[in-house]
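Every read-out reported here was derived from the displayed coordinates using simple, explicitly stated rules and does not represent laboratory data. All figures in this text were calculated on a predicted structure; none of them were measured in a lab. Because the Cβ atoms are built from the backbone with ideal geometry, glycine has one as well, and the counts that use them run over all protein chains shown.
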Amino acid sequence: MPLILSTFSITGKLDLSQEIIELLESRYRKYNNPGFIELDPVSIPHSYTRKEDIEISGFLTAIISWGQRVTILNNSRKLLQMMDNSPYDFISGFSPSELKPFMAFHHRTFNGDDCIYFLTSLQNIYRNHGGLEDLFLFNKNNIASVINTFKSTFFELDHLPRTKKHIADPLKGSTAKRINMFLRWMVRKDKGGVDFGLWSKVAPSDLHCPLDIHSGTVARKLGILKRKQNDWKAVKELTGVLRRLDPADPVKYDFALFGLGIFEKY
């Protein structure tokens, strides 16, 4: 598809063709539908109906969402089966002795020690901090600080230093892709049926686009991301462009970038 970068100005420095805008819109509609769910990590929280079950299963799935998708899905299901497929009930009531079987769980570098700490921290969050949603109250100007604060709260209990690497920190330059993906799941809600829209305290307009090697490559080919390195500055640059295309729901274009990169090898 030929691209003509001259007909639609969205910033003082960047012009996008109507063709690119229509491409993003069409792929958003194509991939934001129930058919997308089955083979995606978002299918795991879609197994539940209770808000807290969706939050906890979604968070744990997002945290281990790197590597092969089949492995991500299998290990997420395994982890939730170890909680009798009732994650909120388990998190609310487990005793330390019930965590011993989780020492055998691993996903790539996420090992048993990490898993046990994450479960323990989630119990602390739901008992003492009002749940996950209350730890993500932010606006579009301070999301990096909010994620950093969330990480500090998440690791306020005694933990192994190695375990902290499993939650990224934008203030240290990370894209925080998995946290941004989890936030998209919890906050966005439209007729597509993929994202849940469970969290009313956070606005879709405040979200930042999940950025990885695939979406970054597509964004650069389309001319909506100039920064060469995938880091927090790139996330802010890309999200800024997407906000000008749709100020109320910029992260909807994550479907387009992901679909073009994964399914169409754009």
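Computed values, structure above
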read-out: Contour excess over end-to-end distance, with Cα ends at Lys165 and Thr71 and 0.36 nm allotted per residue; value: 31.8 nm
read-out: Distance between the range 201-266 and the range 118-186 - C-alpha centres, whole angstrom; value: 21
read-out: Reach of Lys100 by Cα under 23 Å, taken over lysines that are not fewer than 8 positions away in the same chain; value: Lys78, Lys164, Lys165
read-out: Charged-residue dipole, Cβ positions (Lys, Arg, Asp, Glu), the range 106-209 about Cα centre, Debye nearest 20; value: 340
read-out: Rough spin-label spacing in nm, given labels placed 7 Å along Cα→Cβ, for Asp89 and Met103; value: 2.7
read-out: Cβ crowding within 10 Å averaged over residues, with 35-41, 117-123, 164-170, 175-181 ranked highest first; value: 175-181, 117-123, 164-170, 35-41
read-out: Net charge dipole size for the chain [Lys, Arg +1 and Asp, Glu -1 on Cβ; Debye, nearest 20]; value: 800
read-out: Inter-label distance, nm, simple model (7 Å from Cα along the C-beta direction), Leu137/Ser47; value: 3.3
read-out: Expected 222 nm ellipticity per residue - DSSP helices of 4 or more, -39500 (n - 2.57), all of the chain, to 500; value: -14000 deg cm²/dmol
